[in-house]
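Just below is one structure, and these are the notes that go with it.
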Amino acid sequence: MKSHFIHALITFALCVVTLVGYGFWYAAVANKSAAVASIQNQIDAKTESAARVASARTALAEIAGDESAVRSYFVPETEIVSFIDDLVARGRALSATVKILSVSADNSHNQSTLSFSLTVKGTFDAVMRTVGMIEYAPYNLSIAKLSVGKDGKDAWHADVELLVGSVPASSVATSTKAVSPNILSSSFTTHAYF
């Protein structure tokens, strides 16, 4: 009977050793599983961050064209002479004479603007068409003041003060210009809205 008791005691000791070994093994596997889960969470966070960065880069690339289009509505400081030449050419195309009287910069607001004072001379039809063509030019501009007068039998003049949006030379982006409609009110002043 002693031999059964020894066998039972040895079996019990083996079971205890096995259970203790299983407990240590289970704890080691649980620790490794927690470490793997932590690493997986870090990988997921970095993957999500990389996806957001890629999405932001894609969005920036898509709006770069829009930014260029919007910037084309503003006259760069380095292109004031070409803008004046454009105004004169618009008048010449409609048989009117456009004469620039003064140009001044106004940087007191959030957006810098250029103030142009000009006179348009010609027939009534040519003067009004030229003013309209300037008003609907593809720029962020508004007619601040407009007065029309008759000089002779078939000679008219319009005195116009334009406010044109401007951008610094360092931030100019090249793009194609698009036409932006302006609204003409009953008092002959226009406003460009963005």
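Computed from the coordinates by the stated procedures, all read-outs in this text should not be read as laboratory data. Predicted, not measured: the structure shown is a model, and the values here were computed from it. FYI the Cβ positions are ideal-geometry reconstructions off the backbone, even for glycines, and counts take in every protein chain you see.
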Inset, instruction - Report, in degrees rounded to the nearest 10, the 0 to 90 angle that the Cα long axis of helix 80-93 makes with the longest principal axis of the chain. - result: 50
Inset, instruction - Sequence neighbours fewer than 8 away in the same chain don't count; with that in mind, list the aspartates and glutamates whose C-alpha is under 14 Å from Lys150. - result: Asp125, Asp159
Inset, instruction - For segment 11-70 and segment 73-118, compute the distance between their C-alpha centroids and round to whole Å. - result: 60
Legend entry - Förster-model FRET efficiency, 45 Å R0, Lys99 and Glu67, C-beta, rounded to 0.05: 0.85
Legend entry - With Cα atoms, 0 to 90° folded angle of helix 2-71 axis to the chain main axis: 10
Inset, instruction - Tell me the label-point distance for the pair Asn31, Val148, using the 7 Å Cα-to-Cβ offset, in nm and rounded to one decimal. - result: 9.1
Inset, instruction - Report the extension gain between Glu48 and Met133 in nm, rounded to one decimal, defined as 0.36 nm multiplied by the number of residues separating them, less their alpha carbon distance. - result: 25.5 nm
Inset, instruction - Can you tell me the 0 to 90 degree angle between the C-alpha axis of helix 124-135 and the longest principal axis of the chain, rounded to 10? - result: 20
Inset, instruction - Please report, in whole Å, how far the alpha carbons of the chain spread along each principal axis, starting with the longest. - result: 143, 32, 29
Legend entry - Over the chain: helical MRE at 222 nm, DSSP H runs n ≥ 4 each giving -39500 (n - 2.57), nearest 500: -18000 deg cm²/dmol
